[in-house]
Amino acid sequence: MTDKIDFGLAGYVLGITSIVSGVFSPLAGFILGIVGLNVSNKEKTEMSKRGSKLSKIGMIVSVISFILIMAITFFAGKYLQTNFPIA
């Protein structure tokens with residue numbers, strides 16, 4: 001039985017997870033993307049190249065999702081503040 005770790009597959013799984021997490025939780029998606037990128041760079045196989053690409057895509061999705069969440073929060077706050085005064 002071999003105890004060899006397949007870093008290419010691990011990077012691939014982390015890349016897919018970072019894309020999915022990046023939509024719902026940008027910070028978690030970004031962190032998973034960084035980890036996936038580091039794990040993918042430990043090997044030079046086809047699977048690790050795919051994992052590296054997916055991790056980069058996951059990081060980009062996380063940043064875009066974070067910007068959208070901040071913009072929606074900002075504009076929703078301005079709308080509620082101007083249209084529904086408290087006092």
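Bear in mind that the values in this text are calculations on the coordinates, not laboratory data. Owing to the predicted nature of the structure, the values given are computational and were not obtained by experimental measurement.
Data overview
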quantity	calculated
Helix-derived mean residue ellipticity, 222 nm - over the chain, DSSP H n ≥ 4, -39500 (n - 2.57), to 500	-28500 deg cm²/dmol
Cα-based Rg of the stretch 7-83 normalised by 2.2 N^0.38 Å, two decimals	1.36
The stretch 47-64 versus the stretch 1-46: alpha-carbon centroid distance in Å	8 Å
Rounded tilt (10° steps) of 46-83 against the dominant C-alpha axis of the chain	10 degrees
Degrees, to the nearest 10: 7-24 long Cα axis against longest axis of the chain	10 degrees
